[in-house]
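Since the structure comes first, as structure tokens, the remarks are kept for the end.
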Amino acid sequence: MIEVDSLTKQYGAVRAVDQISFRVDKGEILGFLGPNGAGKTTTMRILTGFLPATSGTARVGGYDVFEKSLEVRKRIGYLPENPPIYPEMSVESYLDAVARLKQVPSERRKGRVDSAMEMARITEKRKELIKRLSRGYKQRVGLAQALVHDPEVIILDEPTVGLDPKQIIEVRNLIKSLAGNHTIILSTHILPEVSMTCDRVVIIHQGRIVANMPVDEGAQGKGGQVVVVELKPGAGGAQAARSLLERITGVRRVKLESPDGTGRIQARVECEPGRDLRSRVAGELVGQGHELLELRAARVSLEEIFLQVTAQEPQGAAATEAPATTEAQP
Amino acid sequence: MKGTYAVFRKEMSQYFVSPIAYVAAGVFLFLAGMFFQGILAEATEYSIRAAMQASQFGTPFQIDVPGEVMRGFFGVTGTILLFIIPMLTMGTYAEERRRGTMELLMTSPITDLDIVMGKYLAGLALFLIMLLPTMIQMVILFESSDPVPPWRLLVCGYLGITLLGGSLLAVGQFLSSLTESQIVASILTFATFLMLWVIDFVLRGGAGSVTGAVGQYLSILRHLNDFIRGVVDSSNLIYYASLIVLGLFLTMRSLDSMRWRRA
């Protein structure tokens, strides 16, 4: 449904988005995870036809976002970070105006406005002026606005920012209920949001994609365990230890690192999902005369990758400052 | 076309819930009414004096009171517009940019031309609605004049005012698209209109000088004078039409640069 191919966006000297590629299948919910200023908003704005890319291509429903911008825009519902509302209008007249802008045919307009209000659960506020609504309701009006033309693709930029916990849960449930019929991209800098709502996650940092995987692979429980062992290899050295570990059933891959010159090596043993191989690993290593110094289980989880990414934040902050300010602008 | 209408409707429904439109229209009608009354009083007084003189000296009495009133009224209305139109245009794009709703418009399946034309036509419609009540004064004038003044004066006067207003709207909306602040937009617009008003004074130069001629041609109220006298001159039509087209064209460019340059 959405294909992005080596998309790049340059703001002056700053690369807000650098050669990113990913695809989203029909009915999928893709989470766009990354710290502020990572390039999420820029990517979304390119997809919605608001900004042109510097290079690379993006297609929505087979249409190029630049060449066939109007076709793409018909198919996209977009909620920017700040809901694009007209505070002095009533909810209903606002949604009617948006439906007209989105070229909903007049005979379907009333029905679409009603069902968008129902989906966003704002029907009881239909006559109220938007400026009198709370932050949470304004956000829902923004959501209804993105749904009013029944788009195939829905793009939501930080849809839960500024909401209270109860509202966050409601919005997440709403998003989940939209999946299947709609293809959804949502951006967030909150990790649990992705694990709770999305099928697939793209982690983006400093304009680059650092991870792209199905959420259940990365999430706890279903994800494969990683056993991290530190050892002093015995006879046969590191290679013997490696092949020993690789022979254990359930091991997918072994990565060796020798961090310093002391002869110690660190092995990351990636296991198939659903297995706990810690005691086997320990037993085999010790049985073959390797000296086991440390053993712990880790997971290739979203969390791990995300933490790695955000840990670099202090140095990264300076470099991403320019795109961050661009993102902040409405 | 449907896109233009969608933007037009959105703008109109916003005008009617925003105080700015009512305040601007109210102030305009108040000022126009005041000036009409003043002009009428002066013309009456003058004509009475002239009639007295005429009877004293036996010269023929030749004062076209309704014509004088109309000319005075349209002239003054043109000047008032220089101060009222910025109020109508300052928010057109600036406010959308500030609120982030420009993003909604620019990601809707409508063209930039739809946005620009929809907003322009809505501004023009509001302007004409605002102008409509001044017809009351005209009705009174026509009712109480004998013989009825030439219709030509009335039609040309309103045509001139409409063209002037249309030009100011196009320029003002463009200036509004340059900033996110309504205040900045209104200051820019006032300054620009003032410049267009007094440019013949600024660039006066000697008789027959080129700068003087340019200044006179650029001066926005000078082109109203022929209309007020009941003359439709193509040079005036071209002047106003060019301003409108230029304003709309620049607004299109400004929207385009919003996409390319920044957020």
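The table below lists the values:
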{"item": "Sole residue being at negative phi, exposed (fewer than 14 other Cβ atoms within 10 Å of the Cβ) and among the aliphatic types (A, V, I, L, M), chosen from B:V231, B:V214", "result": "B:V231"}
{"item": "Yes/no for A:M44 being within 19 Å of A:E67 (Cα to Cα) and under 14 Å from the mean Cα position of the chain (by Cα)", "result": "yes"}
{"item": "A:E118 vs. criteria in contact with a strand residue (DSSP E or B) (Cβ under 6 Å, 6 or more places away or on another chain) and without any contact (Cβ under 8 Å) to a residue 12 or more places away in the chain", "result": "no"}
{"item": "Any hit, segment A:105-115, residues being away from every other protein chain (no Cβ under 11 Å), assigned to a helix (DSSP H, G or I), among the small types (G, A, S) and farther than 30 Å from B:P19 by Cα", "result": "yes"}
{"item": "Qualifying positions in segment B:95-147 - out of contact with any Phe, Trp or Tyr (no Cβ under 6 Å at 6 or more places or on another chain) and not in a helix (DSSP H, G or I)", "result": "B:G100, B:S108, B:P109, B:I110, B:T111, B:S144, B:S145, B:D146, B:P147"}
{"item": "Some residue of segment B:214-228 being within 14 Å of chain A (Cβ to nearest Cβ) and outside any helix (DSSP H, G or I)", "result": "no"}
{"item": "Number of the exception - B:I63 against (1) more than 28 Å from B:L121 (Cα to Cα); (2) touching a residue at least 12 places away in the same chain (Cβ under 8 Å); (3) more than 25 Å from the chain's Cα centre (by Cα); (4) part of a helix (DSSP H, G or I)", "result": "(4)"}
{"item": "Failed item in (1) crowded, with 19+ Cβ neighbours inside 10 Å; (2) part of a loop (DSSP other than H, G, I, E, B), with A:P87 passing the rest", "result": "(1)"}
{"item": "Residue within segment A:23-33 that is in the same structural domain as A:H205 (by TED's automatic domain parsing), over 12 Å from the mean Cα position of the chain (by Cα) and closer than 27 Å to B:T101 by Cβ present", "result": "no"}
{"item": "The listed residue being within 14 Å of chain A (Cβ to nearest Cβ) and modelled with pLDDT of 90 or more, out of B:S181, B:S186", "result": "B:S181"}
{"item": "Meets criteria (within 14 Å of chain A (Cβ to nearest Cβ), in contact with a Ser or Thr (Cβ under 8 Å, 6 or more places away or on another chain) and modelled with pLDDT of 90 or more) for B:L255", "result": "yes"}
{"item": "Selected residue (only one of A:P192, A:P151, A:P159 is away from chain B (no Cβ under 14 Å), in contact (Cβ under 8 Å) with a residue 12 or more places away in the chain and either of a type in the set (S, T, Y) or within 27 Å of A:I20 (Cβ to Cβ) (or both))", "result": "A:P159"}
{"item": "Among the candidates B:F8, B:F16, residue that is surrounded by fewer than 15 Cβ atoms within 10 Å (Cβ to Cβ), among the aromatic types (F, W, Y) and within 14 Å of chain A (Cβ to nearest Cβ)", "result": "B:F16"}
{"item": "Criterion (in contact with an Asp or Glu (Cβ under 7 Å, 6 or more places away or on another chain), more than 17 Å from A:Y78 (Cβ to Cβ) and touching a residue at least 60 places away in the same chain (Cβ under 8 Å)) met by exactly one of A:G27, A:G61, A:G56, A:G37", "result": "A:G37"}
{"item": "A:R121 assigned by TED's automatic domain parsing to the domain that holds A:K9 and either buried (at least 21 other Cβ atoms within 10 Å of the Cβ) or touching a Leu at 6+ places or on another chain (Cβ under 6 Å) (or both)", "result": "no"}
{"item": "Unique residue being at the interface with chain B (Cβ under 8 Å from one of its Cβ atoms) and within 18 Å of A:F22 (Cα to Cα) when the list is A:P84, A:P52", "result": "A:P52"}
{"item": "Any hit, segment B:40-47, residues being more than 14 Å from chain A (Cβ to nearest Cβ) and crowded, with 19+ Cβ neighbours inside 10 Å", "result": "yes"}
{"item": "Selected residue (only one of A:R172, A:R200, A:R208 is basic (K, R) and either on the phi > 0 side of the Ramachandran plot or under 11 Å from the mean Cα position of the chain (by Cα) (or both))", "result": "A:R200"}
{"item": "Which listed residue is surrounded by 13 or more Cβ atoms within 10 Å (Cβ to Cβ), touching a residue at least 40 places away in the same chain (Cβ under 8 Å), in contact with a Leu (Cβ under 7 Å, 6 or more places away or on another chain) and away from chain A (no Cβ under 14 Å), from B:L81, B:L31", "result": "B:L81"}
{"item": "Residues satisfying the stated conditions in segment B:90-133, i.e. closer than 29 Å to A:D150 by Cβ, of a type outside the set (V, I, T), surrounded by fewer than 20 Cβ atoms within 10 Å (Cβ to Cβ) and within 14 Å of chain A (Cβ to nearest Cβ)", "result": "B:R99, B:G100, B:D112, B:L113"}
{"item": "Options A:L101, A:L129, A:L95: the member that is surrounded by 14 or more Cβ atoms within 10 Å (Cβ to Cβ), within 13 Å of another protein chain (Cβ to nearest Cβ), hydrophobic (A, V, I, L, M, F, W, C) and touching an Asp or Glu at 6+ places or on another chain (Cβ under 7 Å)", "result": "A:L129"}
{"item": "Any hit, segment B:229-241, residues being of a type in the set (A, V, I, L, M, F, W, C), touching a Phe, Trp or Tyr at 6+ places or on another chain (Cβ under 7 Å), in a loop (DSSP other than H, G, I, E, B) and farther than 30 Å from A:P80 by Cα", "result": "no"}
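Residues checked against (1) within 30 Å of A:D157 (Cα to Cα); (2) touching a helix residue (DSSP H, G or I) at 6+ places or on another chain (Cβ under 6 Å); (3) of a type in the set (S, T, N, Q):
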| position | (1), (2), (3) |
| --- | --- |
| B:Q14 | yes, no, yes |
| B:L29 | no, yes, no |
| B:Y46 | no, no, no |
| B:A50 | no, no, no |
| B:Q56 | no, no, yes |
| B:L88 | no, yes, no |
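The values are calculated or read from the model by the stated rules, or taken from the named source; none is laboratory data. Just so it is clear, the structure is predicted and the values come from calculations on it, not from any experiment. Backbone-built Cβ (ideal geometry, glycine too); neighbour counts: all protein chains shown.
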